[in-house]
Amino acid sequence: MSEVIVRSVRPEDLDRVTEIEAACFPPAEAASKQSFIARIAAFPESFLVAEINGTLIGFINGCATNNSVIYDEMFHSTQHHVPDARNLSVFGLNVMPEYRKQGIAAQLMRHFIQAARETGRQSVILTCKDRLVYYYESFGYVNNGISKSTHGGAQWFDMTLIL
Ligand SMILES: CC(C)(COP(=O)(O)OP(=O)(O)OC[C@H]1O[C@@H](n2cnc3c(N)ncnc32)[C@H](O)[C@@H]1OP(=O)(O)O)[C@@H](O)C(=O)NCCC(=O)NCCS
């Protein structure tokens with residue numbers, strides 16, 4: 001496989017990011033183009049994309065927060081982003097289906113965790129479905145049980161990585 005480059009998002013990535021989101025999540029859970037316009041403007045430093053040969057194939061994004069768990073309003077408005085906050089959240093980790101199981105999501109996650117460390121965060125927080133709890137545990141996240149989040153009508157688990 002060609003080299004995977006992980007870098008911060010740029011405004012011109014908008015359409016491809018929206019396309020990847022729609023390929024990775026059901027409509028009730030997928031963030032909209034409008035959401036991505038706002039997120040790219042608000043927190044490009046915690047919105048990382050993976051590209052191969054100039055084509056975007058995945059990304060990870062989330063805002064900074066002093067809250068210790070993710071709550072649903074965070075997905076819908078960048079007003080909840082507190083730049084100097086203690087924690088970095090993960091709203092989504094996405095890799096295009098044809099590029100999965102090659103460690104690309106893991107590379108994105110490792111860069112994200114490193115960025116959180118370098119900016120002095122105390123923890124990284126995320127919510128995930130039960131089938132991915134073990135995957136995030138492999139990075140050191142701890143499962144804190146069922147989340148209050150009902151995002152997209154699904155059941156989610158709160159996970160925390162203490163840095
Ligand atoms: C979840 C998701 C991001 C994982 O992406 P990915 O790039 O396939 O992730 P990785 O390659 O790091 O790991 C996936 C699996 O491939 C395995 N893998 C990694 N590199 C590998 C390689 N070179 N050869 C074979 N398997 C490999 C990993 O060990 C892992 O195995 P597991 O499923 O048994 O734990 C992707 O499936 C996705 O976008 N899903 C839809 C959106 C979603 O649900 N996101 C998460 C919630 S926010």
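Where a number appears in this text, it was derived from the coordinates with a stated rule and is not lab data. No experiment lies behind these values; they were computed from the predicted model shown. So basically every Cβ, Gly included, is an ideal-geometry build from the backbone, and we count neighbours across all protein chains shown.
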In debye to the nearest 20, the charge dipole size for the chain, taken about the Cα centre with +1 at each Lys and Arg Cβ and -1 at each Asp and Glu Cβ, equals 260 debye
Per the rule of 0.36 nm per residue minus the C-alpha distance, extending ASP72 to LYS101 adds in nm 7.6 nm
Listed by chain and number, the lysines with an alpha carbon less than 27 angstrom from that of LYS101, same-chain partners under 8 positions apart left out, are LYS33, LYS129
Low-density loop GluC sites (Glu not before Pro), segment 21-68, at most 16 other Cβ within 10 Å, DSSP non-H/G/I/E/B, are GLU29
Between the modelled labels at ALA41 and ALA85 (7 Å from Cα along Cα→Cβ) the distance in nm is 1.9 nm
Within the under-13-Å Cβ sphere about TYR136, not counting TYR136, Lys/Arg +1 and Asp/Glu -1 give a net charge of 0
Distance in Å, no decimals, from the C-alpha centre of segment 99-119 to the one of segment 56-75 is 14 Å
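Restricting to DSSP H runs of at least four residues, report the calculated mean residue ellipticity at 222 nm for the chain, -39500 (n - 2.57) per run over all residues, nearest 500 deg cm²/dmol. Show your work: numbers first, answer last.
Working: 5 runs with 45 residues, N = 163.
So the calculated ellipticity at 222 nm is -8000 deg cm²/dmol.
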Expected unfolding gain across SER2-GLN155 under the 0.36 nm per residue rule, minus the alpha-carbon gap, is 51.4 nm
Final fewest-first order of VAL95, VAL82 on the 10 Å Cβ neighbour count is VAL82, VAL95
Listed by chain and number, the aspartates and glutamates with an alpha carbon less than 15 angstrom from that of LYS148, same-chain partners under 8 positions apart left out, are ASP72, GLU73, ASP130, ASP158
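Would you mind ranking SER138, SER123, SER46, SER77 by Cβ crowding within 10 Å, fewest neighbours first? Could you put the intermediate results ahead of the total?
Numbers: SER138 9, SER123 16, SER46 26, SER77 12.
Ranked by crowding around the Cβ, least crowded first: SER138, SER77, SER123, SER46.
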Along segment 140-157, Karplus-curve 3J(HN,Hα) (6.51, -1.76, 1.60; θ = phi - 60°) to the nearest Hz, with x for Gly and Pro, reads x, 5, 10, 7, 9, x, 5, 7, 6, 4, 10, 3, x, x, 9, 9, 10, 10
So for R0 = 22 Å, FRET eff. of PHE25-PHE139 from the Cβ-Cβ r, to 0.05, ends up at 0.60
Assertion target for THR127, THR18, THR150, ordered by fewest C-beta neighbours within 10 angstrom first, is THR150, THR18, THR127
The relative contact order of the chain, taking Cα pairs under 8 Å that sit 6 or more residues apart, comes to a percentage of 20 percent
